[in-house]
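The values are calculated or read from the model by the stated rules, or taken from the named source; none is laboratory data. Predicted, not measured: the structure shown is a model, and the values here were computed from it. Cβ coordinates were reconstructed from backbone atoms using ideal geometry, including for glycine residues, and neighbour counts include every protein chain displayed.
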């Protein structure tokens, strides 16, 4: 067995996944250096990069607990999500509970969570964090690497393991593209998004029913609103880029909202809506799949660097946190032998990560189908069957959010259930048709 104290690990990226990974490895006694391209977010009131809230489910909570972040702390910087509320075009609201058993997940501010993890990492004597340090290159055979410091100086070093936690546009992965037999697929989603905000009311209360994800599913796009601890809502408006480009005047914007999201206008106010909408540009969304996640026994990519996914379903951060937990477990299982650990990680994680990417895209379609009677009936039937057969008939949303069942297993069981349900419905229709035909023949 190798002594973890002898391992030198360099993590590129000090975001959510990078800081959690550092905490897990540091707790094992491994010497960790984290290089983050941006400045320390704790020094800035404005969050650099994405501000869209993250959804914290059981997979993510499990990772946080491993580094000592307890339930009490989680509740301080999150807001419970007990379900979803659909705002229909006709003004009616329909509530969908997150879980039949009353369990819930959480809405969390990305910056708040990152600050907590960075602070936890800094308290660990085995971890050193360097901000404004840009990754330049590395040798995947020797572990040598080059970093550009804040003043442009060249920093060189050697690591036993280099872990890329540097997001969807990963510099580590970019270098891996040059390696033979490295598969890579990048797909941009047809819609873009901008972020808005529904402020708290004048009395400091939520402007809509609290503890729910609110969403407006429309034929051309969708709008979502996630609650914050300060009683505001972080809003994401998803539309085709063409519609963003066509909505180029305040009048067109107000008309768009009056026709599609009329109940949202008084929540944000016309003046603030116009100001916020035209102060930003639509952001793209990308799905990234690749294989393998490692090179030799020197390099590994995890989180968005390995499997960037769409925000629908809220599994991006949770899948990244689960990566950290699996890596930690494999280090223990294989006694810190990186020649065994890294191939095992790629083998175990690849299928599940790709399924999670596909699910995130499918959930966008499913959320838009919430308005159809077919979906509502199918959803109620699923809940009914789960109540009768709780161990054999799963609810996909519950298993993804409140269990640690592998993503691929969740999807396989759901697909099998859908076939059973379809066959059952067709059988009932056939029996009904035969019965009606027989009755007509008699009379």
* Kindly indicate whether any position in the range 169-183 is surrounded by 14 or more Cβ atoms within 10 Å (Cβ to Cβ), out of contact with any helix residue (DSSP H, G or I) (no Cβ under 8 Å at 6 or more places or on another chain), more than 21 Å from residue 290 (Cβ to Cβ) and modelled with pLDDT of 95 or more. => no
* Hey, residue 305 in contact with a strand residue (DSSP E or B) (Cβ under 9 Å, 6 or more places away or on another chain), assigned to a helix (DSSP H, G or I) and farther than 30 Å from residue 211 by Cα or not -> yes
* **Members of the range 131-150 found to be within 26 Å of residue 42 (Cβ to Cβ) and either modelled with pLDDT under 95 or surrounded by 15 or more Cβ atoms within 10 Å (Cβ to Cβ) (or both), listed by number** => 131, 133, 134, 135, 145, 147, 148
* Asked: Could you give every pair whose Cβ atoms fall below 8 Å, whose first residue belongs to the range 400-424 and is free of Cβ contacts under 8 Å to residues at least 12 places away in the same chain, and whose second residue is assigned to a helix (DSSP H, G or I), counting only separations of at least 6 or pairs across chains?
  -> 405/399
* Those residues that are closer than 30 Å to residue 295 by Cα and either in contact with a strand residue (DSSP E or B) (Cβ under 9 Å, 6 or more places away or on another chain) or in contact (Cβ under 8 Å) with a residue 60 or more places away in the chain (or both), I need them from the range 343-364; list them, please. => 343, 345, 346, 350, 353, 354, 357, 358, 360, 361
* strands (runs of 3 or more DSSP E) contained entirely in the range 19-112, each with at least 1 residues that are within 30 Å of residue 156 (Cα to Cα) -> 31-36
* Residues 234, 224: which one is under 19 Å from the mean Cα position of the chain (by Cα), without any contact (Cβ under 8 Å) to a residue 40 or more places away in the chain and buried (at least 16 other Cβ atoms within 10 Å of the Cβ)? -> 224
* **Out of 317, 367, sole residue that is modelled with pLDDT of 85 or more, within 30 Å of residue 191 (Cβ to Cβ), touching a strand residue (DSSP E or B) at 6+ places or on another chain (Cβ under 9 Å) and surrounded by 20 or more Cβ atoms within 10 Å (Cβ to Cβ)** => 317
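Yes or no: the range 181-195 includes at least one residue that is more than 24 Å from the chain's Cα centre (by Cα) and farther than 25 Å from residue 8 by Cα. Give the derivation first.
As a first pass, look at the range 181-195 and keep what is more than 24 Å from the chain's Cα centre (by Cα): 181-182.
Add one more test, that the residue is farther than 25 Å from residue 8 by Cα, and what stays is 181-182.
Yes, the conditions are met somewhere in the range 181-195.
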* Structure fact -> Picking from 202, 156, the residue that is at pLDDT 95 or above and surrounded by fewer than 19 Cβ atoms within 10 Å (Cβ to Cβ) would be 156
* Selection from the range 274-302 of residues that are touching a helix residue (DSSP H, G or I) at 6+ places or on another chain (Cβ under 9 Å), within 20 Å of residue 194 (Cβ to Cβ) and not in a strand (DSSP E or B) -> 274, 276, 277, 278, 281, 282, 284
* Structure fact -> Of the conditions (1) over 20 Å from residue 89 (Cα atoms); (2) not in a helix (DSSP H, G or I), the single one that residue 271 does not satisfy is (2)
